[in-house]
Amino acid sequence: MPGKSIVRHRRAPEAAQPGSLEKGIDILFSLSAAAQPISLSQLCRNTGLPKSTAHRILAVLCSRSLAKRAGTDYLVGDLLARLGDARGRIPGTRRAVLPYLLYLYETTRQTVNLAVLSGLEAEYVERVYGHNRVPSPSDGVDRAPLHCTAIGKTLLAYDSGLRQTLADQGSPPRLTRRTITSLTGLDRELARVRHYGVAYAQEEFADGVACVAAPVFDAAGKVAMSISVAGPAVALPLARLGISVRGAAQAISAALARLG
């Protein structure tokens, strides 16, 4: 009709929906904030994503080593962990730690290791190799299981949540005839680690290899890393080395407390 105005109603703009990149970042933030591997259901609760979407994005993240599986759960992937660089969490860590590693090498002439926790494994971030070292499955990959290595036991002993996560995976795998595969037996072993402040492994990860390790604590009193001395099982004086390794770990802990 003449004179009648025509009003066109515009649709209200829809709220912007997050794209795949934002969803992936949300998942990575959730994984990074978790102290232990977390389930798909928990990730969905943390991020608000549908399971099908989270599962699809996790598959991509895992394929790029930004996330990885731990049984049915998920954790930060190796690439992201390396980008974070565990040694850089406390400025000056390497400078504070390396003299003690070299001291242990000079006094033992055996392989000296420094490791941090990475998911359900120990990741070696510094190694000084001895001349008469026995080949180990960790050579070349710089990673080892927690349940059958001295350095892994020290990382496991002081973290009840990590211990439960490991137990949820079932009985630990047997790698040699000496590997502890009973969860009850492993609990007893970890109790000794907490009591004496030192861990031992005699041919539990590889035949012919023995190791002694001790935990390094940060300024907050949490285990930040572990150091160990490894060598031929037939020649390594574990009891005497235990005193040296524990003393070095205590000295590193004191140095980290001054830094942190």
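Within the range 171-193, residues that are surrounded by 11 or more Cβ atoms within 10 Å (Cβ to Cβ) reach partners that are at pLDDT below 95 and among the small types (Gly, Ala, Ser) with beta carbons closer than 6 Å, at six or more positions or on different chains, in the pairs THR181/SER171; LEU183/ALA167.
The selection criterion, being aromatic (Phe, Trp, Tyr) and more than 17 Å from GLY231 (Cα to Cα), holds for TYR100.
Residue by residue, here is whether (1) modelled with pLDDT under 90; (2) farther than 14 Å from VAL212 by Cα; (3) not β-branched (Val, Ile, Thr) holds:
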| site | (1), (2), (3) |
| --- | --- |
| VAL97 | yes, yes, no |
| ASN113 | no, no, yes |
| VAL125 | yes, yes, no |
| SER138 | yes, yes, yes |
| THR154 | no, no, no |
| TYR158 | no, yes, yes |
| GLN164 | yes, yes, yes |
| ALA167 | yes, yes, yes |
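Among the residues of the range 122-134, those identified as open to solvent by 40 Å² or more (accessible area, probe 1.4 Å) and within 17 Å of ILE151 (Cα to Cα) are ARG127, TYR129, ARG133, VAL134. In the range 53-91, the residue that is modelled with the lowest pLDDT out of those that are among the hydrophobic types (A, V, I, L, M, F, W, C) and in a strand (DSSP E or B) is VAL76.
Residues that are in contact with a Ser or Thr (Cβ under 7 Å, 6 or more places away or on another chain) and within 18 Å of ILE252 (Cβ to Cβ) number at least 1 in the following strands (runs of 3 or more DSSP E) confined to the range 139-220: 199-202, 209-217. With respect to the conditions (1) assigned to a loop (DSSP other than H, G, I, E, B); (2) in contact with a helix residue (DSSP H, G or I) (Cβ under 9 Å, 6 or more places away or on another chain), ASN132 falls short on a single one, namely (2).
Yes or no, residue by residue, for (1) in contact with a Lys or Arg (Cβ under 6 Å, 6 or more places away or on another chain); (2) open to solvent by 40 Å² or more (accessible area, probe 1.4 Å); (3) of a type in the set (Val, Ile, Thr):
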residue	(1), (2), (3)
THR149	no, no, yes
THR154	no, no, yes
GLN250	no, yes, no
LEU256	no, no, no
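The values are calculated or read from the model by the stated rules, or taken from the named source; none is laboratory data. If you're wondering where the values come from, they're calculated on a predicted model, not measured in any experiment. Cβ: placed from backbone, ideal geometry, glycine included. Neighbour counts: every protein chain shown. With ligands, DNA and RNA removed, areas are computed over all heavy atoms of the protein, side chains included. Shrake-Rupley method; radii C 1.70, N 1.55, O 1.52, S 1.80 Å.
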